[in-house]
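Chemist: Below: one structure in structure tokens.
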Amino acid sequence: MKSFYYTTTVVFLSLITAGCSVSKLLVGQVDAVDQKSSTIQVTPVEVINPNWKRIDVSENSTPNDMPDRAWQSTKTASVISLNSACRQRNDEAQNYAEMGLKEITADLLSQWTEMDHKTETDLTLSGFPAFETTAEGIYYGRHRKFQTVVVKTPTCIYDLIFLSPPKSYAQDLAIFQKFRDKLILK
């Protein structure tokens, strides 16, 4: 149970830091423009596998500081999260449209150290360009394996994160991939 709470805390701390840094990259230091996507169609992970439970967003955090949605496996403590940063005005959307998926991913992964076995793949998700990264390394003092997918639409950037202890990575990866493949982004 200690691992469950530790992993949940670490993931939320990292998502807050990563989400804020990506949003600052998108529009400088102006956070007030960030909005969560209202057009994501998500199949909840607990529907895909009943051993996963949704993580409730903390009441003490502002909506832009937390992922749109997050789940954790009750068996392995693996975590799946989905985050969005959107711009509604075309001129602002154009500014961050120039950022590449690799640049956004590099910022997202900046908290990792000692990364090994890193693979990167271009793919398409919901008809939009995406960039997938798989690796393992040290994350907040613990050895973890992960897969991230960064997707750009005309007005939003989405990041999907799957974080797992290395020993349970293979068994939970299929659940993350089902979740990813069922997403409908606009």
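Chemist: Just to be sure, is residue 135 over 14 Å from the mean Cα position of the chain (by Cα) and closer than 15 Å to residue 114 by Cα?
Modeler: yes
Chemist: Also, I was wondering about something else. Could you please give the count of residues in segment 111-131 that are open to solvent by 80 Å² or more (accessible area, probe 1.4 Å) and touching a helix residue (DSSP H, G or I) at 6+ places or on another chain (Cβ under 9 Å)?
Modeler: Summing the residues that are open to solvent by 80 Å² or more (accessible area, probe 1.4 Å) and touching a helix residue (DSSP H, G or I) at 6+ places or on another chain (Cβ under 9 Å) in segment 111-131 gives 2.
Chemist: Return yes when residue 182 is touching a Ser or Thr at 6+ places or on another chain (Cβ under 7 Å), in contact (Cβ under 8 Å) with a residue 60 or more places away in the chain and open to solvent by 30 Å² or more (accessible area, probe 1.4 Å) and no when it is not.
Modeler: Criteria met by residue 182.
Chemist: Pick from 101, 123: which is in contact (Cβ under 8 Å) with a residue 40 or more places away in the chain and of a type outside the set (Phe, Trp, Tyr)?
Modeler: Criteria check complete, one pass: 101.
Chemist: Go through segment 105-115 and give me each residue that's in contact with a Phe, Trp or Tyr (Cβ under 7 Å, 6 or more places away or on another chain) and at pLDDT below 90.
Modeler: 111, 112
Chemist: With respect to the numbered conditions (1) open to solvent by 20 Å² or more (accessible area, probe 1.4 Å); (2) among the hydroxyl-bearing types (Ser, Thr, Tyr); (3) touching a residue at least 24 places away in the same chain (Cβ under 8 Å), which one is the sole condition not fulfilled by residue 158?
Modeler: It fails just one condition, (1).
Chemist: Right, residue 102: over 17 Å from the mean Cα position of the chain (by Cα), among the charged types (D, E, K, R) and at pLDDT 90 or above or not?
Modeler: Here the answer is no, as residue 102 does not meet what is asked.
Chemist: Considering only segment 138-173, state which residues are among the aliphatic types (A, V, I, L, M) and either over 15 Å from residue 77 (Cα atoms) or within 11 Å of the chain's Cα centre (by Cα) (or both).
Modeler: Scanning segment 138-173 gives 138, 149, 150, 151, 157, 160, 161, 163.
Chemist: Looking only at segment 63-92, filter to residues that are buried (at least 17 other Cβ atoms within 10 Å of the Cβ) and modelled with pLDDT under 70; which one of those is nearest to residue 156 (Cα to Cα)?
Modeler: Per the criteria, the residue is 64.
The values are calculated or read from the model by the stated rules, or taken from the named source; none is laboratory data. Because the structure is predicted, anything quoted here is derived from the model rather than measured. Methodologically, a virtual Cβ is constructed for each residue, glycine included, from the backbone with ideal geometry; neighbour enumeration extends over all protein chains shown. Accessible surface areas use protein heavy atoms only, side chains included; no ligands, DNA or RNA. Shrake-Rupley method; radii C 1.70, N 1.55, O 1.52, S 1.80 Å.
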